[in-house]
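The values are calculated or read from the model by the stated rules, or taken from the named source; none is laboratory data. For clarity, every value in this text was computed on a predicted model and none was experimentally measured. Here the Cβ positions follow ideal geometry from the backbone for every residue, glycine too, while neighbour counts run over all protein chains shown. SASA here: full protein model, heavy atoms, side chains in, ligands and nucleic acids out. Shrake-Rupley method; radii C 1.70, N 1.55, O 1.52, S 1.80 Å.
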Amino acid sequence: MIGPVAITEGSAWSDHLVVLPIVLPIAVAGAMFLMDERRRELKAVLSLVTMLVLLGIAVVLVGHASEAADVYRLGNWTAPYGIVLVADRLSAMMLVLAAILGLCALVFSFARWGRAGPRFHGLFLLLVMGVNGAFLTGDLFNLFVFFEVMLAASYGLVLHGSGEVRIRAGLGYIAVNLVASLFFLVGVSLIYGTTGTLNMADLARRLAAPSLSELGLFEVGCAILGIAFLIKCSAWPLGFWLPTTYAAASAPAAAILAILSKVGVYVVVRLSLLLFGEGLSAGLSQTVLFAAGLATIAFGTIGILAARDLTRAAGYAVMISSGTVLAALGTGSERALSGALYYLVGSTLASGALFLLAEILQRGRDPAEAGKPVFADEYRDPFDDPEATEVGRAIPSAVAILGVGFLVATLMLAGIPPLAGFVGKLAMFSGLTGGAMTASAWGLIAALTLSSFGTLMPLVRLGIFSLWVPSDDPAPVLRAPELLAIAGLLLTCMALALWGGPVLAYADATVTWLAQPQDYVRAVLGEGGGR
């Protein structure tokens, strides 16, 4: 059994390190918006350096979070009155995931998509800033602020590259997320009106011994907030928008958008275990999350079986990943949840790689042959100026390289040995069968098994069509930046399997930390703030 994580204030440099994942990207993005749009090479270099620095910071925070939970108090105001940022095991792990995915998506964009429209790099860094802020924030109001920054940037990235399909999907995406933001704001308002605080640690402290005079109104606020988060993590039936939107977006935009649904999953895991893990409405919330998770897995599996192109299949794979974590959380098994967090990391990276692979494999294919809806301008060249040609040396034997990459992504998403998808599902099975077998345990095991077969078969079919079926179209051209991006994501997936023991141990310790909310409360509020 892994003991609780030690709680310290940390050294001065580490305290300031916590705020850099927010300050650095927004500062660079602000500078980019002031630059002439023709200085694309400079913007690309700045974006690349920023993402590399963010990855280094995230790795350092993961190492420090193994020993301490860093709390950064802006303006040195103590919680719950001031704004706090908290870097613990879970948030640090998610920062690394966002940095790796963002870095590879950015490198992929260097080949062509970074020049398909204005302000790509600034919007990209703003989205990264919003994602990092959502992972680090310690109060609900700033969570709302970071969500809105993240979503505003994602609107521009979804529409990046123009085209009728992107505009249609983007408008629907904007409408859905505006409704979700309204639910978010209403829920936060009700919680603040009944408790007088939005600091997560302070809420956990007050709910430990609830004395709320308007308990029913507080629970209504939590329910409304839960609906907003389930929309954002694409849980069925609230996640109907995701496959269409992600399939319409450009490849690097779709790859980085894969982390957005995981922000919603992160918040659900964080608040469920921090606020309701042992007390108020715990049984009800677990039942709802388990049912939503199973329904999302089922919907995603059926969607992949029906998908006729790789981009939509990748979107449904993102939904299955989110549903797996929600269902594992709903079972109440700590070991199953740690396996689900491990699976979340690998499946998110593999989904991002599949979006990138799909763009190359479907490039130049006839829309009707590929099974996509035919729109006049969907497949036109997105570049308006004659200088915006593809960048990077063409890679020989591209079909063979793409085939290997597609195989790795497929095995990862389907949970087939020996990759990390199988390790994650095996860890979940071990956690579910380690004690008394309940109906929820059997249900999740059946759902994960069926989703593996339901993912493998259609991806193999789509891969055969994309790689083996003869076509009059020219062979796909793979550029050096595209190869680096795809290789980075897939090699990380393979590294997760090779070092599965230490990563699973980290996930186990993360869930142990989350299951002891009093440690989080003490870290944020001080020694006197515990339960």
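Listing for the model above:
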quantity	calculated
Residue match in segment 301-317 (condition: part of a helix (DSSP H, G or I), open to solvent by less than 20 Å² (accessible area, probe 1.4 Å), within 26 Å of residue 512 (Cα to Cα) and in contact (Cβ under 8 Å) with a residue 24 or more places away in the chain)	no
Which listed residue, of 427, 441, 485, is in contact with a helix residue (DSSP H, G or I) (Cβ under 6 Å, 6 or more places away or on another chain), of a type outside the set (S, T, N, Q) and more than 25 Å from residue 290 (Cβ to Cβ)	485
Segment 48-71, residues that are touching a Ser or Thr at 6+ places or on another chain (Cβ under 9 Å) and of a type outside the set (D, E, K, R)	60, 61, 64, 65, 68, 69
Filter result for residue 280 (in a loop (DSSP other than H, G, I, E, B) and at pLDDT below 90)	yes
Residue check, residue 76 open to solvent by 10 Å² or more (accessible area, probe 1.4 Å), on the phi > 0 side of the Ramachandran plot and over 16 Å from the mean Cα position of the chain (by Cα)	yes
When residues of segment 124-139 are limited to those that are in a helix (DSSP H, G or I) and either modelled with pLDDT under 90 or not aliphatic (A, V, I, L, M) (or both), the one nearest to residue 48 (Cα to Cα)	124
Given (1) open to solvent by less than 30 Å² (accessible area, probe 1.4 Å); (2) farther than 29 Å from residue 17 by Cβ; (3) in contact with a helix residue (DSSP H, G or I) (Cβ under 7 Å, 6 or more places away or on another chain), index of the condition residue 220 fails	(1)
